[in-house]
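Encoded as structure tokens, the structure appears first; notes follow it.
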Amino acid sequence: MGEWFIAQNALTVMAVGVAFFTLLYAGTGLLSVLLSRVVLPHIGHGRRLDPRPVTGEQLRRELRASASSILIFGIGLVVPWGLLRLGWAGLAVDPPWWQVAIEIGVLFLWNELHFYLNHRLLHTRPMRRFHAMHHRSHVPTPWSTYAFHPVEAAMLGSVPLIPMLLHDFSFAALMTLPVLSIALNNLGHSNYEASRDAPARGWLGASRRHHLHHACYHGNYGFLLEVFDRMFGSVIPLDAADRNIARHTGHGTTEVSR
Ligand SMILES: [Zn+2]
Ligand SMILES: [Zn+2]
């Protein structure tokens with residue numbers, strides 16, 4: 001598969017890239033909607049985090065911005081392809097399964113650190129305007145996952161480049177990265193906490209943490225792991241969005257405060 005990828009011409013790589021990211025976005029988005037709006041509420045597992053309505057205008061904006069990000073990610077696939085063609089990066093040949101598993105673990109950790117650093121950068125004064133597009137969604141949806149300004153899309157899309165320059169990864173591990181990334185992205189933007197506990201503990205708490213990031217703006221810059229926010233003192237208190245939500249819904253504080 002890796003040899004096939006390297007042998008293609010640039011136009012084919014871009015076309016395959018756009019098709020790949022379109023499928024990822026649509027497939028994981030639909031799965032997330034199905035789970036968080038139909039299946040899990042039906043069986044009474046978990047809870048919606050933010051009851052505020054999402055307008056059709058927000059959804060259209062998220063879809064438009066995500067389409068532009070898909071083009072950037074898809075066309076941008078020529079960069080790792082170019083690194084391989086130039087011999088600046090290589091692919092592991094017939095690696096054992098455990099090597100692929102370790103590589104996926106390393107890429108996951110790198111993805112968390114890369115996201116945290118870029119996200120912090122996007123919240124600085126000079127970069128803030130490039131992140132405003134994503135934050136127009138105060139209530140995240142599964143369609144917010146790729147709703148980025150082109151500059152943010154290019155920054156986040158650069159995630160495999162440094163690891164590829166440092167190590168010859170297997171093609172399978174590299175391909176897992178965008179799949180893992182959007183799966184986690186959907187968890188964070190689902191506006192649904194799929195857990196018996198409220199607040200959820202561990203990785204299931206990612207949806208509440210990222211919902212709070214959208215509702216409050218400052219803090220919770222990490223994604224699945226809370227470790228970097230703890231290290232840098234940027235954790236948002238669990239009840240931080242209660243007053244805002246209550247103001248919009250006309251109800252008292254939500255169970256978010258627990
Ligand atoms: Zn942000
Ligand atoms: Zn977000």
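When the range 126-179 is limited to residues that are within 15 Å of F20 (Cβ to Cβ) and aromatic (F, W, Y), the one that is nearest to ligand 1 (Cβ to nearest atom) turns out to be Y146.
Meeting the requirement of 3 or more residues that are free of Cβ contacts under 8 Å to residues at least 12 places away in the same chain and within 22 Å of the chain's Cα centre (by Cα), the helices (runs of 4 or more DSSP H) wholly within the range 25-97 are 56-76.
Residues in the range 111-156 that are polar (S, T, N, Q), part of a helix (DSSP H, G or I) and within 14 Å of ligand 2 (Cβ to nearest atom): 2 in all.
Of all residues in the range 150-204, those that are on the phi > 0 side of the Ramachandran plot and free of Cβ contacts under 8 Å to residues at least 40 places away in the same chain total 1. Residues that are aliphatic (A, V, I, L, M) and within 14 Å of ligand 1 (Cβ to nearest atom) were ranked within the range 207-232; the one that is farthest from R47 (Cα to Cα) is A215.
Quick check on the range 193-205. Is at least one of its residues crowded, with 18+ Cβ neighbours inside 10 Å and either out of contact with any strand residue (DSSP E or B) (no Cβ under 9 Å at 6 or more places or on another chain) or modelled with pLDDT of 95 or more (or both)? No, the range 193-205 has no match at all. Within the option set R209, R201, being charged (D, E, K, R) and more than 12 Å from ligand 2 (Cβ to nearest atom) holds for one residue only, R201.
Selection of the range 98-108 for residues being within 22 Å of the chain's Cα centre (by Cα) and of a type in the set (F, W, Y) yields only F108. Out of the residues in the range 47-78 meeting the condition of being of a type outside the set (A, V, I, L, M), at pLDDT below 95 and within 15 Å of H189 (Cα to Cα), tell me which one is surrounded by the most Cβ atoms within 10 Å (Cβ to Cβ). Result: D50.
Applying a threshold of 8 Å to beta carbon distances and a minimum spacing of six or more residues, or different chains, the list of pairs starting in the range 2-23 at a residue that is assigned to a loop (DSSP other than H, G, I, E, B) and ending at one that is surrounded by 12 or more Cβ atoms within 10 Å (Cβ to Cβ) and not small (G, A, S) reads Q8/V16; Q8/W81.
The values are calculated or read from the model by the stated rules, or taken from the named source; none is laboratory data. Bear in mind the structure is a predicted one, so any value in this text is a computation, not a measurement. Methodologically, a virtual Cβ is constructed for each residue, glycine included, from the backbone with ideal geometry; neighbour enumeration extends over all protein chains shown.
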